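Before any comments, here is the structure.
The values are calculated or read from the model by the stated rules, or taken from the named source; none is laboratory data. Keep in mind that this is a model prediction, so the values were computed, not measured. Neighbour counts run over all protein chains shown; Cβ positions are idealised from the backbone, glycine included.
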Amino acid sequence: MSDAPHIPVLINAILDACAPIHGTWLDGTFGAGGYTRRLLDAGAERVIAVDRDPLAFEMAQDWIGDYGDRIVPVADTFSRLDEYAQNLDGVVLDLGVSSMQLDLAERGFSFMRDGPLDMRMSQTGFSAADLVNMKDEAEIADIIYLYGEERASRRIAKAIVANRPVTTTAQLARIVESCLPRPKPNQSHPATRTFQALRIAVNDEYGELATGMEAAERALAPGGQLAIVTFHSVEDRMAKRFIQTRSATTPNANRYAPVLDTVVPAFTQKTRKAIVADKDEVAMNPRSRSAKLRVAVRTDAPAQPMDRKDMGMPMMKGDAQ
C-alpha cells in the first residue's frame, strides 16, 4: 500500500486516548485518508469514510481498494452522519481545510496560490466570489469579524466592495494586504483571517460542526468514542462546550441560569484539558502546532439537542438558535 499523501494530525494521540480501537468507526473528514487508514491498521474492523468533496475519493482510488469492504465511502456531510450510520464504536472529526484542497490553486482556498475565488468543499452552491460580490458591506464585515476574528473587518469589507468584482484569490489577498500593516517576521499572512472567515461561511463549517456533534451523539453506541481535532479557538470552544455540557448533570453550562431538571449525561470526558501535539510532532508536521484534541465517551443516556449559543457558536443576524 502506498504511503498516505499527508500526515494526519494528532493521530497517535487519538489512537492512544481511544485504545483499544475496535468495531466500526466513522471518519467524518476523510480528506486524504490518513485517519481512516490508521484506524484500520490499529484494529478497527470497518471505517465509514465521509467527505463532501468528491475529489477526496477520486484521489484515493489507487489504494482504497486494498482494504476491500473495510472502507465504506460516503459522499456526504458529516452533519448527517446519523442518517447513514448507527451503533458506532467511534467518530473522529478533523476540522478545517485539507492539505489537498489548499494545494490545488483551482479550488480557491489559498492566498498563496492564485486561482478562482471558490472555496467550496462540495464544489457546488454559493462560492466565495459570490459572497464577496453579492453581499452588502455590513454583512461581509460581520462574516470576517465573527468567523475570522479579524478586528479590521470593516476596513477590509469596505475595500472589497470598492474593488468589486473580486474574482481571484490573489486579488482578494492584495485587497486585504492594503488594509493591514506589513506582518512582522513569523507572523501569519495578513489575509489569513479573512480567507478563513470566507471559507467557513461558504461551507457553513460552524453549523456543520454543531449539527455533526449532535448527530454523533445520536449515532454512537454506549461506550463509543467521539474524537474532535480543531485548529482554531472558535472550533475548540464549540467542541469543549458541547462535551462539557453534554457531560454535565444539568441542562446547560450557564451557572447563572436556573436549574430546571437533572439530566443523565450523554458523555463522559476522557480528559478535562485538550490534548496538544508534542514537540516531535510539531517539528515533523508544523500544521499540528495549533491543533487540539478533545475526546468523550458516549453513555446510554438519551440524545438531546443543544442550543447553539451554549456551544459558543458565532451567530450571524437571522441565524437559528
Worksheet item: Taking into account only those residues within segment 285-321 that are out of contact with any helix residue (DSSP H, G or I) (no Cβ under 7 Å at 6 or more places or on another chain), modelled with pLDDT of 90 or more and under 25 Å from Y147 (Cα atoms), which is surrounded by the most Cβ atoms within 10 Å (Cβ to Cβ)?
Response: A291
Practice prompt. Please work out which residue is surrounded by the fewest Cβ atoms within 10 Å (Cβ to Cβ), limiting yourself to segment 160-174 and to residues that are among the aliphatic types (A, V, I, L, M) and more than 15 Å from L131 (Cβ to Cβ).
Written response: A162
Discussion item. Quick check on segment 100-117. Is at least one of its residues in contact with a Phe, Trp or Tyr (Cβ under 9 Å, 6 or more places away or on another chain), modelled with pLDDT of 95 or more and not in a loop (DSSP other than H, G, I, E, B)?
Written reply: no
Worksheet item: Looking only at residues in segment 24-41 that are of a type in the set (A, V, I, L, M, F, W, C) and more than 18 Å from L209 (Cβ to Cβ), which one is farthest from the chain's Cα centre (by Cα)?
Response: L40
Worksheet entry | Residues within segment 275-321 that are at positive phi and more than 17 Å from the chain's Cα centre (by Cα), tallied | 1
Item to complete: For R246, indicate whether it is crowded, with 22+ Cβ neighbours inside 10 Å and at pLDDT below 95.
Response: no
Response to the item:
If we keep only residues of segment 1-20 that are touching a helix residue (DSSP H, G or I) at 6+ places or on another chain (Cβ under 6 Å) and either within 23 Å of F231 (Cβ to Cβ) or assigned by TED's automatic domain parsing to the domain that holds S122 (or both), then the residue modelled with the lowest pLDDT is A4
Fill in: Filtered residues of segment 268-293 (kept if touching a Leu at 6+ places or on another chain (Cβ under 8 Å), farther than 19 Å from S188 by Cα, touching a residue at least 60 places away in the same chain (Cβ under 8 Å) and not β-branched (V, I, T))
A277, E281, L293
Worksheet item: Which ones in segment 31-60 are closer than 18 Å to Y84 by Cβ and out of contact with any strand residue (DSSP E or B) (no Cβ under 6 Å at 6 or more places or on another chain)?
Response: E45, D51, R52, D53, P54, A56
Worksheet item: Of the residues that sit in segment 118-138 and are free of Cβ contacts under 8 Å to residues at least 24 places away in the same chain and part of a helix (DSSP H, G or I), which one is farthest from T192 (Cα to Cα)?
Response: M134
Fill in: Scope segment 141-172; condition without any contact (Cβ under 8 Å) to a residue 40 or more places away in the chain and outside any helix (DSSP H, G or I); matching residues
R151, A152, N163, R164, P165
Worksheet item: Which one is farthest from D300 (Cα to Cα), of the residues in segment 224-234 that are touching a helix residue (DSSP H, G or I) at 6+ places or on another chain (Cβ under 8 Å) and modelled with pLDDT of 95 or more?
Response: T230
Discussion item. Between I21, I64, I48, I11, which is β-branched (V, I, T), over 17 Å from the mean Cα position of the chain (by Cα) and more than 18 Å from L220 (Cβ to Cβ)?
Written reply: I64
